[in-house]
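Engineer: I'd like to ask you about the structure that follows.
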Amino acid sequence: LIFNATAWADIAQNDGSGPLTDLYLSLHTATPGVGNNQTTNETAYTNYVRIAVERTTSGWDVPASGATANAALAQFAQCGVTGATITHVAIGTASSGAGTVLYAGALSSSLAVANGIQPQFAAGALTVTET
């Protein structure tokens, strides 16, 4: 339901009148906390913007055993003059502004983003697991 916008009979359904067509990846300098506002600890490096990932199998793998991963390269804007150190990534509901953090996690190692660096996740590199 969340990642592929697929209804689950008698349990949940996607909003038929105006469902989210995308989820939005955001980068953070500290934990944003699940359920918090997407701007919590969000990076502000030069040129940074959140990126949209479709709620389809083009955006996310078909979930299996409680896990899914990004189905394609997820690439953020290249950093300009002012950089930041990225420690967390989140999946939320808004392209900008408040939004709600649905999932968040720490990177396996922090990423120093400086002029010319373009943060990205290769296909399959961003895994979300529900337990």
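The values are calculated or read from the model by the stated rules, or taken from the named source; none is laboratory data. Note that the structure is predicted; figures quoted are calculated from it, not measured. Cβ sites come from the backbone with ideal geometry, for glycine too, and all protein chains shown count toward neighbours. Ligands, DNA and RNA are excluded from the accessible area calculation, which covers all protein heavy atoms including side chains. Shrake-Rupley method; radii C 1.70, N 1.55, O 1.52, S 1.80 Å.
Engineer: Per residue, how much accessible area does the chain have with a 1.4 Å probe, in Å²? Display every interim value, and only then the final one.
Structural biologist: Working: 6870 Å² over 131 residues.
Roughly 52 Å² per residue, with all protein chains present.
Engineer: Separate question: Using a ≥ b ≥ c from the Cα gyration tensor of region 88-131 (square roots of the eigenvalues), is it rounded, prolate or oblate, where a/c under 1.5 gives rounded and otherwise the larger of a/b and b/c decides, a/b for prolate? Intermediate results must be reported in sequence, preceding the final value.
Structural biologist: Details: a/c = 2.02, a/b = 1.24, b/c = 1.64.
It comes out oblate by the Cα gyration axes.
Engineer: Where the only charges are on Cβ atoms (+1 Lys, Arg; -1 Asp, Glu), what is the dipole of the chain about its Cα centre, to the nearest 20 debye? Don't jump to the answer; show the numbers that get you there.
Structural biologist: On the way: 2 positive and 7 negative charges, 63 e Å.
Using only the charged Cβ atoms, the result is roughly 300 debye.
Engineer: Also, I was wondering about something else. What percentage of the solvent-accessible surface of the chain, computed with a 1.4 Å probe over protein heavy atoms, is contributed by carbon and sulfur atoms?
Structural biologist: On the way: 3570 of 6870 Å².
Reported share for carbon and sulfur atoms: 52 percent.
Engineer: Further question: Can you tell me the alpha carbon radius of gyration of region 44-102 divided by the globular rule-of-thumb value 2.2 N^0.38 Å?
Structural biologist: Details: Rg = 13.4 Å, N = 59, 2.2 N^0.38 = 10.4 Å.
Against the empirical 2.2 N^0.38 Å value, I get 1.30 for region 44-102.
Engineer: Which value in Å is the Kirkwood Rh of the chain over different Cα pairs? Write down the numbers at each step before the final one.
Structural biologist: Numbers: mean 1/r = 0.0660 Å⁻¹.
After inverting the pairwise mean of 1/r, the radius is 15.2 Å.
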